[in-house]
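Peer 1: Encoded as structure tokens, here's the structure I'll be asking about.
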Amino acid sequence: MVLPLRLFGCARRTILGSAEAALWGLKSIKGSCHNFCTAIFKDVTYKELKNLLNSKKIMLIDVRETWEIVEYGKIPGSVNIPLHEVGEALQMNPKDFKEKYNEVKPSKSDSLVFSCLAGVRSKKALDMAISLGFNSAQHYAGGWKEWVTCEFSEKKHGN
């Protein structure tokens, strides 16, 4: 049996809502599950990302492989740091980071947003960044797929 996408979305929200409630209960019982709990609420929407990029108050890190960027494109203003390099990159000294990525290395208090194709790799990068103390990190779960769709739609409608 194939469930309509709309029904699946409602079921997903119900399941996630239950998981969130369970985590809050766990947090109050256990004391602190900081890294795990904070990662749940770190999704950025398309509109939020556009506003953050326009404000120039974030570093957007695209964790796709370089060949994906070359072949498909990237969100304007993003920096490409492939997922397998993220942990090492965030721990580099500022000089080496600047040399390799041509950007100023973010500090642990800077706002970072991770993106990828559709949110899987960016979530892994987010978890890694939070574990390294980058507590203002977020991820754009819609990724390149959503970005391209929304940008095309806005241009088509003249927004």
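Peer 1: Based on what the data block shows, is Lys95 surrounded by fewer than 16 Cβ atoms within 10 Å (Cβ to Cβ) and either of a type outside the set (Ser, Thr, Tyr) or farther than 28 Å from Ser153 by Cα (or both)?
Peer 2: yes
Peer 1: Given the options Leu90, Leu112, Leu60, name the one that is in contact with a Gly (Cβ under 8 Å, 6 or more places away or on another chain) and at pLDDT 95 or above.
Peer 2: Answer to the check: Leu60.
Peer 1: So which of Glu88, Glu103 is surrounded by fewer than 16 Cβ atoms within 10 Å (Cβ to Cβ), acidic (Asp, Glu) and without any contact (Cβ under 8 Å) to a residue 24 or more places away in the chain?
Peer 2: Being surrounded by fewer than 16 Cβ atoms within 10 Å (Cβ to Cβ), acidic (Asp, Glu) and without any contact (Cβ under 8 Å) to a residue 24 or more places away in the chain holds for just one of Glu88, Glu103, which is Glu88.
Peer 1: Here is a follow-up. Take the residues in region 108-159 that are under 17 Å from Asn54 (Cα atoms) and of a type in the set (Ser, Thr, Tyr), then tell me which one is most open to solvent (accessible area, probe 1.4 Å).
Peer 2: Per the criteria, the residue is Ser111.
Peer 1: Separate question: For Pro76, indicate whether it is in contact with a helix residue (DSSP H, G or I) (Cβ under 8 Å, 6 or more places away or on another chain) and over 19 Å from Leu126 (Cα atoms).
Peer 2: yes
Peer 1: Quick one: which of Ser28, Ser18, Ser32 is open to solvent by 50 Å² or more (accessible area, probe 1.4 Å), polar (S, T, N, Q) and either modelled with pLDDT of 95 or more or part of a loop (DSSP other than H, G, I, E, B) (or both)?
Peer 2: Ser32
Peer 1: Same structure again: Can you name every residue in region 44-66 that is out of contact with any strand residue (DSSP E or B) (no Cβ under 8 Å at 6 or more places or on another chain), open to solvent by less than 70 Å² (accessible area, probe 1.4 Å) and assigned to a helix (DSSP H, G or I)?
Peer 2: Of everything in region 44-66, those that are out of contact with any strand residue (DSSP E or B) (no Cβ under 8 Å at 6 or more places or on another chain), open to solvent by less than 70 Å² (accessible area, probe 1.4 Å) and assigned to a helix (DSSP H, G or I) turn out to be Tyr46, Lys50, Ser55.
The values are calculated or read from the model by the stated rules, or taken from the named source; none is laboratory data. Fair warning: this is a prediction, and the values are worked out from it, not measured in the lab. We place every Cβ from the backbone using ideal geometry, glycine too, and count neighbours over all the protein chains shown. Note: areas computed on protein heavy atoms with side chains; ligands, DNA, RNA excluded. Shrake-Rupley method; radii C 1.70, N 1.55, O 1.52, S 1.80 Å.
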